[in-house]
Amino acid sequence: QVQLVESGGGLVQPGGSLRLSCAASGSFFSINGMGWYRQAPGKQRELVALITSGGTTNYVDSAKGRFTTSRDNAKNTVYLQMISLKPEDTAVYYCTANAQRTFWANPFNYWGQGTQVTVSS
């Protein structure tokens with residue numbers, strides 16, 4: 001089983017910054033892509049950013065230029081640095097990881113429990 005634990009959410013004023021972290025633990029052979037999704041009240045969950053094991057990143061248009069995702073493969077941790085936050089960034093942010101539990105196992109997408117980010121004055 002793979003566990004993902006997010007941290008770093010909270011309340012921030014518009015224009016402020018936050019850094020989310022997500023650490024993977026448990027028994028697994030490898031972690032491939034990792035990333036972040038978010039879900040605002042009354043809306044569907046949407047992709048925010050993805051990063052491959054080699055460090056290639058991809059962002060939703062609304063995050064480009066403001067959010068940066070990175071990862072520390074030695075720590076099995078992915079980060080999301082957010083700057084110039086806007087009220088519309090308010091959502092629960094979920095970490096995801098595509099991992100193989102063993103060499104022979106198919107990759108599976110695991111999810112964290114989510115961390116609340118609220119942007120408000």
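The values are calculated or read from the model by the stated rules, or taken from the named source; none is laboratory data. Everything numeric here is computed off the predicted structure, so don't read it as measured data. Cβ: placed from backbone, ideal geometry, glycine included. Neighbour counts: every protein chain shown. Ligands, DNA and RNA are stripped out before the accessible areas are found, and what is left, the full protein with its side chains, is counted by its heavy atoms. Shrake-Rupley method; radii C 1.70, N 1.55, O 1.52, S 1.80 Å.
Things worth noting here:
- Some residue of segment 44-56 being under 18 Å from residue 83 (Cβ atoms) and either among the charged types (D, E, K, R) or open to solvent by 20 Å² or more (accessible area, probe 1.4 Å) (or both): no
- Within segment 1-13, residues that are on the phi > 0 side of the Ramachandran plot and in a strand (DSSP E or B) sit with their Cβ atoms under 9 Å from residues that are of a type in the set (Ser, Thr, Tyr) and open to solvent by 30 Å² or more (accessible area, probe 1.4 Å), at 6+ positions apart or across chains, in these pairs: 10/118.
- Being over 15 Å from the mean Cα position of the chain (by Cα) and modelled with pLDDT of 95 or more is true of residue 15.
- Scanning segment 24-40 for residues that are over 10 Å from the mean Cα position of the chain (by Cα) and either surrounded by 13 or more Cβ atoms within 10 Å (Cβ to Cβ) or in contact (Cβ under 8 Å) with a residue 40 or more places away in the chain (or both) yields 24, 25, 27, 28, 29, 30, 31, 32, 33, 39, 40.
- Residues of segment 54-79 satisfying the condition of being closer than 16 Å to residue 4 by Cα and in a loop (DSSP other than H, G, I, E, B): 73, 74, 75, 76
- Flag for residue 103 being open to solvent by 40 Å² or more (accessible area, probe 1.4 Å) and of a type in the set (Phe, Trp, Tyr): yes
- Residue check, residue 63 open to solvent by 60 Å² or more (accessible area, probe 1.4 Å), more than 13 Å from residue 97 (Cβ to Cβ) and not acidic (Asp, Glu): no
- Yes/no for residue 108 being modelled with pLDDT under 95, closer than 18 Å to residue 23 by Cα, of a type in the set (A, V, I, L, M, F, W, C) and open to solvent by 60 Å² or more (accessible area, probe 1.4 Å): yes
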